[in-house]
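The structure appears right after this line, and notes come after that.
The values are calculated or read from the model by the stated rules, or taken from the named source; none is laboratory data. The structure presented is a predicted model; accordingly, all values stated were derived computationally and were not measured. Neighbour counts are summed over all protein chains in view; Cβ atoms, including those assigned to glycine, are modelled from backbone coordinates with ideal geometry. In case anyone asks, the SASA skips ligands and DNA or RNA and just uses the protein heavy atoms, side chains included. Shrake-Rupley method; radii C 1.70, N 1.55, O 1.52, S 1.80 Å.
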Amino acid sequence: MGLSKNLRDTLEQLIDDTIAQSSNFVNIARSFKPLVKDEVDFALGVAIGEIIGGFYNYFMVVNRRAMTQDELVEMYYIIRGRSEEIKRSILGI
């Protein structure tokens, strides 16, 4: 079935909030120097990980169940569809 409109809207808002706080992820990446060679990729991974974790946690609290495969796939495609935008915000573009 996939995500309800309310859940999709919540995920989009979480992505928007993450983009607005992109400098935090850059700072986290810098704090891992010299272990991290590519700050941008590391910051992107942390940002996307926060989106996935935050949304999955929200979903579990609201629905009192784990996500189905269809819901996970839809979440992935929504995040993947905005990943370039997230990366641009990390780059400061």
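Based on the Cβ-Cβ distance of Gln69 and Lys33, what FRET efficiency does E = 1/(1 + (r/R0)^6) give at R0 = 30 Å, to the nearest 0.05? Walk me through the numbers on the way to the answer.
Working: r = 38 Å, r/R0 = 1.26.
Efficiency for this residue pair is about 0.20.
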At q = 0.12, 0.15, 0.20, 0.24 1/Å the base-10 log of I(q)/I(0) from the Debye formula over the alpha-carbon atoms of the chain is -0.39, -0.59, -0.91, -1.15
Averaged per residue, the 1.4 Å probe accessible area of the chain, protein heavy atoms only, in Å², is roughly 63
Once Met60 and Glu84 are pulled to full extension, the length gained, defined as 0.36 nm per residue separation minus their Cα-Cα distance, is 5.9 nm
Extreme residue, positive dipole direction of the chain, given options Ala43, Ile78, Asn6 (C-beta unit charges) = Ala43
At a probe radius of 1.4 Å, what is the per-residue accessible area of Val36, in Å² to the nearest 10?
-> 20
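Show Phe32, Phe55 ordered by accessible area, largest first, where the area counts protein heavy atoms only and the probe is 1.4 Å.
Most to least solvent-accessible, the answer reads Phe32, Phe55.
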How large, in percent, is the carbon and sulfur part of the accessible surface of the chain at a probe radius of 1.4 Å?
-> 55
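Using only alpha carbon pairs under 8 Å that are at least six residues apart, calculate the relative contact order of the chain and give it in whole percent. Show your work: numbers first, answer last.
Working: 66 pairs, mean separation 41.7, N = 93.
Relative contact order comes out at 45 percent.
Pulled fully out, how much extra length does the chain show between Ser23 and Arg8, if you take 0.36 nm times their separation in residues and subtract their Cα-Cα distance? Don't skip to the answer; put the middle values down first.
On the way: separation 15, 0.36 × 15 = 5.40 nm, distance 2.47 nm.
2.9 nm is the gain from fully extending Ser23 to Arg8.
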Karplus-derived 3J(HN,Hα), 6.51/-1.76/1.60, for each residue of the stretch 45-56, Hz, glycine and proline x | x, 5, 4, 5, x, 5, 4, 4, x, x, 5, 4
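So, with +1 on the Cβ of K and R and -1 on the Cβ of D and E, and no other charges, what is the size of the charge dipole of the stretch 1-89 about its Cα centre, to the nearest 20 debye? Don't skip to the answer; put the middle values down first.
Numbers: 11 positive and 13 negative charges, 36 e Å.
Here the stretch 1-89 has a charge dipole of around 180 debye.
Say a site is exposed when it is one of the trypsin sites (Lys or Arg not before Pro), sits in a DSSP loop, and has at most 14 other Cβ atoms within 10 Å; what is then the longest site-free stretch of the chain? Walk me through the numbers on the way to the answer.
Working: sites that count: Lys37, Arg64, Arg65.
That would be 1-36.
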